[in-house]
Amino acid sequence: MSGWRSQGGGAVDRGQPVSFRWAGKSYQGYAGDTLASALIANGVSIIGRSFKYHRPRGLIAAGLEEPNGIVQLEEGAVTVPNVKATQIELYEGLSAAPVNAKPSVEFDLMAVNSLFKRFIPAAFYYKTFFWPGWHLFEPSIRKAAGLGVAPTERDPDTYEHRFAHVDTLIVGSGAAGLAAAEAAAALPGNERVMLVEADFEFGGGLLSSTETIDGLAPLAWRDAALARLRAAPNMLMLDRTMAFGYYDHGLVALYERISDHLPPAQRSGPRQRLWKVRCKRVILATGAFERPIAFSGNDLPGVMLASAAQTYARRYGALVGHRAVLCTNNDGAYDAAFALHDMGCTIAAIVDSRTAPGTAADEARRRGIEIVPGWAPVAAKGRRAVRGIEVAALDGGARRRIACDTILTSDGWNPAVHLHSQAGGSLAYNEGLQAFLPKGSAQDSISVGAAVGIIDTDTAVAAARAAVRGETVEAPVQAAVGPTRRFADGDIKAQTAWLDFQNDVTVADVQLASRENFRSVEHLKRYTTLGMASDQGKTSNVAGIHVLSSLLDKPAPAIGTTKFRPPFDPVTIGAFAGRATRENLAPATHTPSHTAQLALGAKMENYGSWLRPACFPQAGESEHQTIAREVKAVRQSAGLFDASTLGKIEVKGPDAAEFLQRIYVGGVRTLKVGQCRYGLMLSEHGIVYDDGVFARIGEDHYLVGTTSGHAAAITETLNEWLQCEWPDLRVLVENVTTAWAVMNVAGPRARAIFAAVGTDIDLSPEAFAHMQYRAGSVGGVPARVQRVSFSGELSYEIAVPWGYGAALWDALMRAGRPHRITPFGVESLMAMRIEKGFLHVGSDTDGTTYPQDLGFGPAIAKKKDDFVGRRSTMRPDGLRDDRRQLVGLEVTDGGGALETGAHVLPADATEARGTQGWVTSSIHSPTLERPIAMALVERGRDRMGEAVRVWDLGQWRAARIADPRFYDPAGERTHG
C-alpha cells in the first residue's frame, strides 16, 4: 500500500493543517482527519506488529472494528494505551506510537517468532510450558506478546457519570438511524428521545456513500434530517458517544468522549462521561461490519476492506494506493471501486467469485475495469507490502497474477448484533447473506437498517420509519453473496491465511482445533483465541465460524456464535470509575473526635468505611512499641477510645422482646430493664454472623449493639424478618449509629475520670455494676452509659448525641490528665481483647463457624425457643465431634508471635498436610510479655495442654493448646 492524498474531495478542512508525530517522526494532516486517515495520506503503510508473531501489519478497516491499528497515544501522565488509530481525531501536536514493536515498527526483533510459526501454533502455550512451571516463562512471554504500556503517573483527567430516563434511545446515526430518530421524535407520548453516535460526526455510512436518498445527495439528506432533529424539542443528540452495553430492564450504558479530541493542554472539565440510561424502547441502527476474505498473505500491509478504502477516499480524501485489485462476492465492493476510480486510483481488476455478477459489473466494464468472474484470491504477493495478487478460478485449474499495490476485499456483511444479543435477543442465520441477523427481542428493542441485514439505503430508510411507527415490515429480498474459496484441511497455505489479525489466528489454527476435537464454537474461541483481542472479533468471528462449518460439514447456524458480552468496544477504566477515585473511591467516615485524634498524632487507617486511629505513636516509636505502651497504660491507669463506630440499633415496640428472642442465640425475655447481655446472631444457615452487647433500656425498648461494619446490614436483616416473616409483630427498628457518639474510658482509674467530668449517674460499683445500663446527664448533656468492656478492664461506654462527641472527648482527656490518661487505637484494643480471649467475628470466625464451635453449645441446649439459624446448627455437619473449636495457643519454642493463618498440625507431623486448624488471632502480649494466639482447632476444647506444631510457608513452630483467657481469666478487673 502506498497511500496518498487526493487533490480534492473528502470532508477534511484543507485550510486547517494539523501537525502531529508518529513513531518519533513529524507529519501533517488536516482538521477532520483521524490518525489512521492522516497516516494513509502520508504514505505510512506499516502501523503495527501482530500480537504473537510480530508480523508487519497495516490498517484494514476505518472504524472501531480495526484490529491492527492499536497505538500508544501521547506520553507521560496523559498516555493512553491500545487506542485504535481509526478512532483518534487528529489534533495539533498529537503524538502517537505503535505498540508491541522493538526497537521500531519497521524493524522488530521479535519478528523472529514468525520464523518458528510452524512450531508455535494455536494453544502451544498449553502444551509446552509445563516444566518446571508456567510462572517461569510467563513474564517473558507476556512481555513479548504485550500491547501498550499502562501509565505509571497519576491520571490528571477527571471523569463523571450521568443518569437519564428516555422514552426512546436510537443507537447509530446512519440513514436508518436518522430516519428512525425522526419517526420516534414525531410519535405521540415520546417526551424524551435520545440519539447517540460513536463517531465524531453524525451520518454513519452516509459520510462515504454515493447513493442518493429521496432524490438528495447523502450529505444533503443527512444535513436536512439533522436540522429537523435539532429543532425537535424532545430530542437529545450526542456524538462521540458509544453504546457499549445493553443490560436488563432497558438499561443501556453509554461512553461519551468529551474532550479526547482536544490537545491535552486545552482540556478542561471531565474528559469522558459514562451514561446509564433507562429506556422504554431502544432502536438499534448499529450498522454492519464488512467481512475480509481469507487467503495466503492477506495480512500484508496494503490488504484492506473495500468499504474502508471507500471511507478513507470519500470522507478523508486519502487514497490507500495507486493500483488496486478488488476481491469480492457481492455488489458492495463495486461502490468502493467506483469511488476510488473517480478519485484517481487505478482499478486493475475486480475479482468476483460469482460467475454472473450483478448489474454493477456492467458499470465497471463501462469504466474500462476488468471483471474476473468465478475467480477468487489465492495469495497476496510481497514481503512487507503488496506487490501483486495471485487469483484462481473456483472451478479449478487456471491461475493468474495481477500486479497491484493494494488489495481490497469484501466477503459480505455481518450485522452488528452485539447490543441486540447482550439484551437477550436471539439470532437467525441468513443463508443468502451468510450472516447472523437479529430475530426475537427479549426487551423492547428493534433493529433497523444494515443491523438487520438491509444494505440498500432507500429500503433501509423506509423500513426504519415503518418499524418505529409499529407498521409491519416485510424483510426485503437481499442479493445473495457469492461463494468463498475454502482451504482443504492441511493445506500449507492455510498457515498464512489470517482470520483474527490482532491475535494471529489463521485458518490452519481452526483446522488444528477441529482435528483436536475443539469443535464447540466456545471451545474454538478459547483454544485459538479467535475473537478474544481488543476488537472482540468484529471481523473474524463469523469468518471463523464459516471455516469450522466447512471442516465439520455442519451448517453455520448449528454451530452458533460465541456469547456477546459488554463492552462492545473497550472503555477506559477512568470512565467506569467516574469520580470514585482516590479519596472518593470509598469515602471514609470520620468519628466525632477525628480532629482531636489527629492533633494527638493518630496513625489513621481504614476500618471498613471508617477512618480510625490504629494507634497514637510518639516520636521514635514503632507501631509495636506504641501498642505496648497504650495497652500498659490502660491496664495500669486509664485509656480513652472513640467507640462511636460500633453499631447501635434501637428496637422498640410491644413485641420487641419476642422479636429479639427469635434473633439471638441466648435469651432476651428474661433481661431486666437496665441490664446488658452479650449475644450472637446467626445467619439462616446457622453460621455466626455478628455479635455484640444489647441492653434493655425500657420495658419495650432495646439498644442492640453490633460490630462496626455490620450496623446497616443487621438493620436491613431485622427489617426483612419483620416485613417478610413476622409482619404481625409490633416492632420498629432504627439504625441510630451516627446519632450517638460513644467514648470508651477504660482502666483502673476510669471511674474517677468519669466522675470528674460531671454526671448525675451513681457510679458506685453497687449502684452501677458490670453489664448494666444507665441513662442520665454527663457534662450537662443527655447520655446513655453502659458498663461493658472489650479490654478486660473497668470500662464505661458513654454515649451522647453525635454533635457533642468531640466535646466529650476533650472533657474526658482534661479530666484524665491527673490520672495519666492515654488515648489508644484499634490495634491496641485488639491486643487487649486477644489477651482476654474475647471473640472477634470475622477474625476468629469464618463462613463455616457454628456457635457451638465458640462454646455456645450449652446456651443453645438451654434455650427452649426457636431462633434464626437454630435448626441449621443441628445439621449432621454441626454435630460432628471433630469440629474446629476456638482455643488459645501458647508458643513453646521461645520464638515470636505466630503468623495469623498458620496451620495447626499434630505434634508428630513432619509434612504440611492434613491441617487440623489455623491461627485466627496472634500477638506478642504487652501485658504478659510473651506471644499468645487464638485458633480454630479440631476438638480443641478436649485437647487442652496438648502440644502441636504450627506451619506457615515452610516454617515450623511449636505451641500448646490452652485456655484462650490468658489475662484475668476470672474477669475480676472488669468489676473495678
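For the range 403-446, state the average projected area of the convex hull of the C-alpha atoms over all orientations, rounded to one decimal in nm². Walk me through the numbers on the way to the answer.
Details: hull surface 17.5 nm².
Mean orientational projected area (the range 403-446, Cα hull): 4.4 nm².
Using a 1.4 angstrom probe on heavy atoms only, work out the carbon and sulfur share of the accessible area of the chain in %.
Numbers: 21170 of 40420 Å².
On the chain, the fraction of accessible area on carbon and sulfur atoms equals 52 percent.
At a temperature of 4 °C and a viscosity of 1.567 mPa s, determine how fast the range 768-868 diffuses translationally according to Stokes-Einstein, using the Kirkwood radius over alpha-carbon pairs as Rh; express D in µm²/s, rounded to the nearest whole number. Provide the component values of the computation, followed by the final result.
Details: Rh = 16.8 Å.
In µm²/s, the coefficient rounds to 77.
Taking every pair of distinct Cα atoms and averaging 1/r, then inverting, what Kirkwood hydrodynamic radius in Å comes out for the range 841-976?
Details: mean 1/r = 0.0626 Å⁻¹.
Evaluated on the range 841-976, it is 16.0 Å.
Nearest 10 degrees is fine. How inclined is helix 541-552 to the longest principal axis of the chain, computing both from alpha carbons?
80
Quick one: work out Rg over Rh on the C-alpha atoms of the range 344-396, Rh as Kirkwood radius.
Working: Rg = 12.4 Å, Rh = 12.2 Å.
Dividing the radius of gyration by the Kirkwood radius yields 1.02.
Figure the gain on full extension for Asn517 and Leu953 (residue separation times 0.36 nm, minus the Cα-Cα span) and round it to one decimal in nm. Before the final figure, lay out the partial values.
Values: separation 436, 0.36 × 436 = 156.96 nm, distance 4.10 nm.
Contour length minus Cα-Cα distance gives 152.9 nm.
Using alpha-carbon pairs under 8 Å, 6+ residues apart, how would you state the relative contact order of the range 492-552 in percent?
Numbers: 78 pairs, mean separation 20.6, N = 61.
Relative contact order, the range 492-552: 34 percent.
Compactness ratio of the range 361-510: Cα Rg over 2.2 N^0.38 Å, N = residue count? Could you put the intermediate results ahead of the total?
Numbers: Rg = 19.5 Å, N = 150, 2.2 N^0.38 = 14.8 Å.
Taking N as the residue count of the range 361-510, the ratio is 1.32.
If you count the DSSP beta bridges with both ends in the chain, what percent of them are antiparallel, to the nearest 5?
Details: 133 of 181 bridges.
If we restrict to bridges inside the chain, about 75 percent are antiparallel.
Using alpha carbon centroids, what distance separates the range 581-598 and the range 221-282, in Å?
36
Could you work out how far helix 826-836 tilts from the main Cα principal axis of the chain, as a 0 to 90 degree angle to the nearest 10?
For 826-836 against the chain, the angle is about 50 degrees.
List, in the order given, every pair from Lys439/Lys525; Lys280/Lys538; Lys25/Lys102; Lys25/Lys493; Lys276/Lys648; Lys672/Lys864 whose Cα-Cα distance in the structure shown is over 26 Å. Don't skip to the end; give the middle numbers.
On the way: Lys439/Lys525 24 Å; Lys280/Lys538 28 Å; Lys25/Lys102 16 Å; Lys25/Lys493 36 Å; Lys276/Lys648 35 Å; Lys672/Lys864 19 Å.
Those over the limit are Lys280/Lys538; Lys25/Lys493; Lys276/Lys648.
State, as an integer percentage, the relative contact order of the range 783-911 based on alpha-carbon contacts under 8 Å between residues 6 or more apart.
Values: 59 pairs, mean separation 21.3, N = 129.
After rounding, I find 16 percent.
Take the alpha carbon gyration tensor of the range 7-111, find the square roots of its eigenvalues, order them as a ≥ b ≥ c, and report rounded if a/c is under 1.5; if not, report prolate when a/b exceeds b/c, else oblate. The partial results should precede the final answer.
Details: a/c = 1.87, a/b = 1.55, b/c = 1.21.
Here the range 7-111 falls in the prolate category.
On C-alpha positions alone, give me the angle between the axis of helix 218-231 and the longest principal axis of the chain, in degrees, nearest 10.
Helix 218-231 sits roughly 40 degrees off the main axis of the chain.
Packing-wise, with mean Cβ within 10 Å as the measure, how do 711-724, 864-877 rank, highest first? Before the final figure, lay out each step's value.
Working: 711-724: 16.4, 864-877: 14.5.
Highest mean packing first, the order is 711-724, 864-877.
Order 771-778, 636-643 from most to least packed using the mean count of other Cβ atoms within 10 Å.
Values: 771-778: 16.9, 636-643: 24.8.
The most tightly packed comes first, giving 636-643, 771-778.
Rounded, prolate or oblate: pick one for the chain, where a ≥ b ≥ c are the square roots of the eigenvalues of its C-alpha gyration tensor, a/c under 1.5 means rounded, and failing that, prolate if a/b is larger than b/c, else oblate. Could the numbers behind the result be given before it?
Working: a/c = 2.51, a/b = 2.15, b/c = 1.17.
Because a/c hits 1.5 or more and a/b exceeds b/c, the chain counts as prolate.
Among Ala619, Ala186, Leu829, which residue has its Cα positioned farthest towards the positive end of the charge dipole of the chain, with +1 placed on the Cβ of Lys and Arg, -1 on the Cβ of Asp and Glu, and the dipole taken about the Cα centre?
Ala619
Per residue, how big is the convex hull around the C-alpha atoms of the range 812-908? Give it to me in cubic angstrom, could you? Don't skip to the end; give the middle numbers.
Working: hull volume 18.9 nm³, N = 97.
Once divided by residue count, the hull of the range 812-908 is 195 Å³.
With the Cα gyration tensor of the range 413-493 giving a ≥ b ≥ c as the square roots of its eigenvalues, does the rule (a/c under 1.5 for rounded; else a/b larger than b/c for prolate; else oblate) give rounded, prolate or oblate? Could the numbers behind the result be given before it?
Working: a/c = 3.25, a/b = 1.74, b/c = 1.87.
Oblate is the answer for the range 413-493, as a/c is 1.5 or above yet b/c matches or exceeds a/b.
With an 8 Å Cα cut-off and a minimum separation of 6 or more residues, compute the relative contact order for the chain in percent.
Numbers: 2293 pairs, mean separation 84.6, N = 976.
Across the chain, relative contact order equals 9 percent.
Using a 7 Å offset from the Cα along the Cα-to-Cβ direction at both Glu211 and Arg401, what is the distance between the two label points in nm, to one decimal?
Modelled inter-label distance: 3.9 nm.
Would you kindly give the portion of the calculated P(r) for the range 460-538 that falls above 14 Å, as a percent of all Cα pairs? Let's see the in-between values first.
Values: 2180 of 3081 pairs.
Result: 71 percent of Cα pairs exceed 14 Å.
Sticking with the crude label model, points 7 Å out along Cα→Cβ, report the distance from Glu75 to Ile120 in nm, one decimal please.
Using points 7 Å along Cα→Cβ, the separation is 2.9 nm.
Of Val742, Val800, Gly758, which is farthest along the charge dipole of the range 717-856 in the positive direction, counting Lys and Arg as +1 and Asp and Glu as -1 at C-beta?
Gly758
Hey, with R₀ at 45 Å, roughly what FRET efficiency would Arg366 and Ser26 work out to, going by the Cβ-Cβ distance, to 0.05? Display every interim value, and only then the final one.
Working: r = 43 Å, r/R0 = 0.97.
With R0 = 45 Å, the Cβ-Cβ based efficiency is 0.55.
Starting from the Cα of Asp942, step 7 Å along the direction of its Cβ; do the same at Ala224; then give the gap between the two resulting points in nm.
9.1
Which semi-axes, in whole Å and largest first, does the equivalent ellipsoid of the range 243-368 have when worked out from the alpha carbon gyration tensor as the square roots of 5 times its eigenvalues?
Numbers: eigenvalues 290, 89, 37 Å².
That gives 38, 21, 14 Å for the three semi-axes.
If you scale each eigenvalue of the Cα gyration tensor by 5 and take the root, what three semi-axes come out for the range 492-552, rounded to whole angstrom and sorted largest first? All intermediate terms of the calculation are to be shown ahead of the outcome.
Working: eigenvalues 49, 34, 19 Å².
Each semi-axis is the square root of five times an eigenvalue, giving 16, 13, 10 Å.
Highest first, please rank the peptides 508-514, 466-472 by the mean number of other Cβ atoms sitting within 10 Å of their residues. Mind showing how you got there, number by number?
Values: 508-514: 24.6, 466-472: 14.6.
Result, highest mean first: 508-514, 466-472.
Quick check on the chain: helices-only [θ] at 222 nm, where DSSP H runs of length 4 and up contribute -39,500 (n - 2.57) each and the sum goes over total residues. Nearest 500, please. Before the final figure, lay out each step's value.
Working: 24 runs with 213 residues, N = 976.
That calculation yields -6000 deg cm²/dmol at 222 nm.
Quick one: accessible surface of Leu300, probe radius 1.4 Å, all protein chains present, in square angstrom to the nearest 10.
Using a 1.4 Å probe on the heavy atoms, I get roughly 10 Å².
Principal axes first, then extents: for the Cα atoms of the range 86-232, list largest minus smallest coordinate on each axis, whole Å, largest first.
Principal-axis extents of the Cα atoms in the range 86-232, largest first: 70, 38, 38 Å.
Hey, what's the per residue convex hull volume over the C-alpha atoms of the range 792-847, in cubic angstrom? Don't skip to the end; give the middle numbers.
On the way: hull volume 6.5 nm³, N = 56.
Looking at the range 792-847, the number lands at 117 Å³ per residue.
If I stretch the segment between Ser426 and Lys563 completely, what's the gain in nm (0.36 nm per residue apart, minus their alpha carbon distance), one decimal? The partial results should precede the final answer.
Values: separation 137, 0.36 × 137 = 49.32 nm, distance 1.11 nm.
This chain segment gains 48.2 nm when fully extended.
Less than 14 Å Cβ to Cβ from Gly869, Lys/Arg counted +1 and Asp/Glu -1: what total charge do the surrounding residues give? Could the numbers behind the result be given before it?
On the way: positive: Arg662, Lys863, Arg870, Arg871, Arg875; negative: Glu684, Asp690, Asp691, Glu725, Asp853, Asp865, Asp866, Asp877.
Residues near Gly869 contribute -3 overall.
For the range 647-735, compute Rg over Rh where Rg is the Cα radius of gyration and Rh is the Kirkwood radius from the inverse mean 1/r over Cα pairs. If you can, show how the numbers build up before the last one.
Details: Rg = 11.7 Å, Rh = 12.8 Å.
Across the range 647-735, the Cα-based Rg/Rh ratio is 0.92.
How large is the direction-averaged shadow of the alpha-carbon convex hull of the range 114-173, in nm²?
Working: hull surface 40.8 nm².
Hull-based average projected area comes out at 10.2 nm².
Please report the spacing between the Cα centers of the range 353-380 and the range 23-84 in Å, no decimals.
Going from one Cα centre to the other spans 32 Å.
The values are calculated or read from the model by the stated rules, or taken from the named source; none is laboratory data. Source: prediction; values computed, not measured. Please note: Cβ atoms are built from the backbone with ideal geometry, for glycine as well, and neighbour counts cover all protein chains shown. In case anyone asks, the SASA skips ligands and DNA or RNA and just uses the protein heavy atoms, side chains included. Shrake-Rupley method; radii C 1.70, N 1.55, O 1.52, S 1.80 Å.
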